[in-house]
1. To make sure I understand the rule: partners must be aspartates and glutamates, Cα under 12 Å from the Cα of residue 397, and not fewer than 8 residues away in the same chain. Which ones qualify?
2. State the percentage of accessible surface on segment 173-301 attributable to carbon and sulfur atoms; use a 1.4 Å probe and exclude ligands, DNA and RNA.
3. Quote to one decimal, in nm, the extra length available between residue 190 and residue 344 on full extension: 0.36 nm per residue of separation minus the C-alpha distance between them.
4. Could I have the simple spin-label model distance between residue 141 and residue 365, label points 7 Å from Cα toward Cβ, reported in nm to one decimal?
5. Of the labelled options (1) 20.1; (2) 43.2; (3) 23.6, which one gives mean projected area of the Cα convex hull in nm² as computed for this structure?
6. Given a 1.4 Å probe, how much area per residue of the chain is accessible, in Å²?
7. Leaving ligands, DNA and RNA out of it, work out the accessible area of residue 12 with a 1.4 Å probe and give it in Å² to the nearest 10.
8. Can you compute the helix-only [θ] at 222 nm over the chain? Use -39500 (n - 2.57) per DSSP H run of at least 4 residues, normalise by all residues, nearest 500 deg cm²/dmol.
Amino acid sequence: MAFAQQNDPVIMTINGQPIHRSEFEYSYNKNNTDGVIDKKSINEYVDLFINYKLKVQAALDAKLDTLTSFKQEFMTYRDQQVRPTMITDADVEAEAQKIYKETRDRIENSGGLVRCAHILLALNQKATDSEQEKIANRADSIYNVLKKGGNFAELAKKFSEDPGSAARGGELPLITKGQTVPAFENALFSMKAGEISHPILSPFGYHIIKYIKKEDFQPYDSLKADIHQFIEARNLREQIIDQKLKNMATEAGNGITPEQLVEKKLAEMEAKDENLKNLITEYHDGLLLIEMSTRTVWDKASTDEAGLQAFFKKNKKNYAWKEPRFKGIAYHVQKQEDVKAVKDCVAKVPFKAWGDKLRTTFNNDSTIRIRVEKGLFKMGDNALVDRDIFKQKVEVKPVKDYPIDAVYGKKLKAPEDLDDVRSLVISDYQEELEKEWVKELRKKYPVIVNREILTTVNKH
């Protein structure tokens, strides 16, 4: 243990919790590869790493690691790393052998595999009595030819209305009980090799069946690849792992659970592989960080309307535009009187409600009286706005069926309210909340960095 501590010394403590060099080294090298644009020096990265760990500590203090949603997501990830190592090729092969034996026993105990052929004279389920009689007579005629020595395969090719088997002289794939309709099955499994049945009526029509022979179940080696493919396709590996863990827990006794066995296996894997340990720690902490940041910064920034308004008012000069914008609508109508009607409709309504107001007033039900584009337009966004507001010489393409063009709104040199630059303000407000949060965390949790150990970090 003393050797391990010397080999991986504590590089810093955050709120009394030790963080070893290997974890910092892993994080630094992962986030500062050669392809990273904003590559940091180790000294520059220390502060980022500390801030990250402080947020994780805040999440732990808030007991976010006890949330069911967190536990489920983390355990799913952990299981993805651990569970596949708990199954061997021998386990999969044993399951394949078991599936083979169970399938073979079930089929052999219910009549085995039968090779047979049939001649089908199809019958519509809505057929009249006379139509059914006609087909029944035809089936009897074919049966009588067969009784007198007619060639089954040739007659099947000529008369059977099951195209798939007719081309093969009526021969069907190997049949086991439960694969086909009861009328066909009952007749087939009461026959003997070489026997030909009377015409049998099923929902498909009249069948004349030839029992060719009973086949031996295929040997395991001929089915092995198919069974292994079946195991993968049905994701039976997970069931094999579950059963193996249950058996191991039973053998261990003392109330040991499969869950505890997974934890134990993870600890063994982490002891052998430092990177795996750091990877799982990173995922664990990352989940907590996202949840804590969402609650403290991201959600707050988008929902705190009063805070956003205050932030916008305080920093309004930062959002000034280099070029003026047009806040309004570019619209197209069918009748001249609607040009004024549109303006009157929205004149006393807040800008963000214009869309709904115009929709319910002019384009209600199935009638579309106007075509409208609403927004905060800069030069180049809309040809009609460019021509009528920014006085540019541009071509405005006519809108089919709406020949009259108009604009309504106001030209602004700078945003007049929060909604004009909401996404930018939210982003900046998030940044401010983040800074304030980190400042508080730095005051709340003591941080000690071992600068001597920091110099020994190995850069990859």
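The values are calculated or read from the model by the stated rules, or taken from the named source; none is laboratory data. The structure presented is a predicted model; accordingly, all values stated were derived computationally and were not measured. Quick reminder, even Gly has a Cβ in these numbers, built from the backbone with ideal geometry, and neighbours come from all protein chains shown. Accessible surface areas use protein heavy atoms only, side chains included; no ligands, DNA or RNA. Shrake-Rupley method; radii C 1.70, N 1.55, O 1.52, S 1.80 Å.
1. Residue 397 reaches 405.
2. 52
3. Extra length from residue 190 to residue 344 when fully extended: 46.7 nm.
4. Going by the 7 Å Cα→Cβ label model, 6.5 nm.
5. Label of the calculated value: (2).
6. On the way: 28060 Å² over 460 residues.
Here the per-residue accessible area is 61 Å².
7. So the heavy atoms of residue 12 present about 0 Å² to solvent.
8. Here the helix-only value at 222 nm equals -16500 deg cm²/dmol.
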